[in-house]
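The values are calculated or read from the model by the stated rules, or taken from the named source; none is laboratory data. Quick caveat: nothing in here was measured; it's all calculated off a predicted structure. No Cβ is skipped: glycine too gets one built from the backbone with ideal geometry, and neighbour counts run over all protein chains shown.
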Amino acid sequence: MGLVSQDALNQLQALMDQVEGEPLQRTFQNVHQGCVTETLKRFLKAREWNATKAHKMIVDCLNWRVQNEIDNILSKPIIPTDLYRGIRDSQLIGLSGHSREGLPVFAIGVGHSTFDKASVHYYVQSHIQINEYRDRVILPNASKKQGKPITTCVKVLDMTGLKLSALSQIKLLTIISSIDDLNYPEKTDTYYIVNAPYIFSACWKVVKPLLQERTRRKVQVLPGCGRDELLKIMDYASLPHFCKREGSGSSRHSQNGNENCYSLDHPFHQELYNYIKEKSRINEAVEPIKQGSFHVDFPEPPAEKAEIVKTLESELHKFKISNGNGV
């Protein structure tokens, strides 16, 4: 790390030492999980190594967490189970394994996610719960196993099934990605795009120039299902199920249900759901479990993201008009 970066880190550490109030300090512990330096670096990267801006970003994040009781979100199960199963079937995300460096590998079925089985608040709740479980359980366990701090993950995004109807999902996806940008910055080491149809390639062409350089460097568009390239950084067992075979529809299903890392029956989701149920059981004596979603304040998207969304919507509308339909 260069002198400028070290100086920024020292400045930010000094500013954070001045943060007062038990709620903010407690929630910061849930954010850094003992990896304080790595956490400060993430926020510094997100603010181009400007310590003052990074400090404001962290404090805003901590206030958001306190005001929305994010520290308690892992004790708030989405019930009944059938509702949660519907969310898992329509918000396709799962943990398929780890890279050879020990980074968790998250698979995301962008093209086949429909987000049509529950309200926006349930999908946001589910997303944040996975974020928190990743940061408080998955990453600390990976750090312990590797004997060094593991604070980021790898994401493999499957574009199989991506259609123009994705236009209707942009608002929800913007909410989710804005929450990540502002409160979970720089948690992804690399985004691997696989099974990319023409519509993705066309949209990527206009969006890519709008992204900051550090974000562009993280995105790798792989040929086909990406299997050969991904095997360079992970073992076959850690490949997402849709990377183990070519063909349309591979994102949603696999022959072995346990291999489908999106499914509620997959070990990752079973462990996550049981973890949340156990936490809720412990808290039940104090606060009875209530049905209904866990509402979180939705942030305004950063200016860069708002511009990207505007451009993306415009591009998708052009395709819609040229195709004469919305499929």
Any hit, the range 60-76, residues being within 21 Å of residue 188 (Cα to Cα) and without any contact (Cβ under 8 Å) to a residue 40 or more places away in the chain: no
Unmet criterion (only one of (1) β-branched (Val, Ile, Thr); (2) under 27 Å from residue 263 (Cβ atoms); (3) not in a strand (DSSP E or B)) for residue 108: (3)
Flag if residue 33 is surrounded by fewer than 21 Cβ atoms within 10 Å (Cβ to Cβ), among the polar types (S, T, N, Q), outside the structural domain of residue 122 (by the TED database) and more than 30 Å from residue 232 (Cα to Cα): no
Options 137, 110, 124, 120; residue that is touching a strand residue (DSSP E or B) at 6+ places or on another chain (Cβ under 6 Å) and of a type outside the set (Phe, Trp, Tyr): 110
Qualifying residue in the range 111-130 (condition: hydrophobic (A, V, I, L, M, F, W, C), surrounded by fewer than 17 Cβ atoms within 10 Å (Cβ to Cβ) and in a helix (DSSP H, G or I)): yes
Candidates 26, 85, 42, 65, filtered to the one that is at pLDDT 95 or above and in contact with a helix residue (DSSP H, G or I) (Cβ under 6 Å, 6 or more places away or on another chain): 65
Residue within the range 42-61 that is among the basic types (Lys, Arg) and under 30 Å from residue 284 (Cα atoms) present: no
Selection from the range 91-131 of residues that are out of contact with any helix residue (DSSP H, G or I) (no Cβ under 8 Å at 6 or more places or on another chain) and of a type in the set (Ser, Thr, Tyr): 119
